[in-house]
1. Any idea which of (1) modelled with pLDDT of 95 or more; (2) more than 21 Å from Ile126 (Cβ to Cβ); (3) not small (Gly, Ala, Ser) is the one Leu34 doesn't satisfy?
2. Regarding the range 105-121, can at least one residue be identified that is among the hydrophobic types (A, V, I, L, M, F, W, C), in contact with an Asp or Glu (Cβ under 8 Å, 6 or more places away or on another chain) and over 30 Å from Arg37 (Cβ atoms)?
3. Does the range 125-135 hold any residues that are surrounded by 21 or more Cβ atoms within 10 Å (Cβ to Cβ) and either among the hydroxyl-bearing types (Ser, Thr, Tyr) or in a strand (DSSP E or B) (or both), and which are they?
4. Can you pull out every residue in the range 101-118 that is farther than 23 Å from Gln75 by Cα and part of a loop (DSSP other than H, G, I, E, B)?
5. Please tell me if Ala121 is part of a helix (DSSP H, G or I) and either more than 15 Å from the chain's Cα centre (by Cα) or without any contact (Cβ under 8 Å) to a residue 60 or more places away in the chain (or both).
Amino acid sequence: MADTNKRDENRITTASGISNDGNDTQLIFRIDPLTYRLLTNSTISGDIYISPESTVFNNTKTVPTDTAEAIGSSQAIHSITIKSLSTNTVALYIGTTGVTTANGFELLAGESISLDIDNVADCYCISGSAAQVIRWIAI
């Protein structure tokens, strides 16, 4: 359905926000009044999130011991928190494909890590001992 609302072509549609630079610097964004797309005069690197995510994903994984595995199947996300259960008896390791117990980010029982990544399947885990479990939650 076409948008039949009249638009003032002389109006500059804007939105504002506050940066996360630690100084709460106010930012002004220009929005195209016809397409509602963000206007910019420079290249934007990375993602811009206009609205909060409404879907939460979560799961449990028994950590493998031989070869690292993705903690979950492919799912587009913005961030993930991974927690080593408090009942685990040894460290487990988080990283990318090929992570090992020698080069991964160590999580002891009860510890967690949060990562800004775009897919659950990009995060791998491994442990030196069987029966270690992680739980993760992502948006």
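The values are calculated or read from the model by the stated rules, or taken from the named source; none is laboratory data. Computed from a predicted structure; not experimentally measured. Here the Cβ is made from the backbone with ideal geometry for all residues, glycine too, and neighbour counts use every protein chain on show.
1. Result: Leu34 fails condition (1) only.
2. No, the range 105-121 has no match at all.
3. Here is the first cut: in the range 125-135, the residues surrounded by 21 or more Cβ atoms within 10 Å (Cβ to Cβ) are 125-127, 132, 134.
Cys125, Ile126, Ser127, Ile134, listed by residue number.
4. Thr101, Ala102, Asn103, Leu108, Ala109, Gly110, Glu111
5. Here the answer is yes, as Ala121 does meet what is asked.
Let's see how each residue does on (1) at pLDDT 95 or above; (2) more than 16 Å from Ile134 (Cα to Cα); (3) exposed (fewer than 15 other Cβ atoms within 10 Å of the Cβ); (4) in contact with a helix residue (DSSP H, G or I) (Cβ under 9 Å, 6 or more places away or on another chain):
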site	(1), (2), (3), (4)
Asp24	no, yes, yes, no
Asn41	no, yes, yes, no
Val56	no, yes, yes, no
Thr62	yes, no, yes, no
Ile71	yes, no, no, yes
Ile77	no, yes, no, yes
Tyr93	yes, no, no, no
Gly110	yes, no, yes, no
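A quick yes/no check of all residues on (1) touching a residue at least 60 places away in the same chain (Cβ under 8 Å); (2) on the phi < 0 side of the Ramachandran plot; (3) among the hydroxyl-bearing types (Ser, Thr, Tyr):
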site	(1), (2), (3)
Val63	yes, yes, no
Ser74	no, yes, yes
Ile82	no, yes, no
Thr97	no, yes, yes
Glu106	no, yes, no
Ser114	no, yes, yes
Cys125	yes, yes, no
Gly128	yes, yes, no
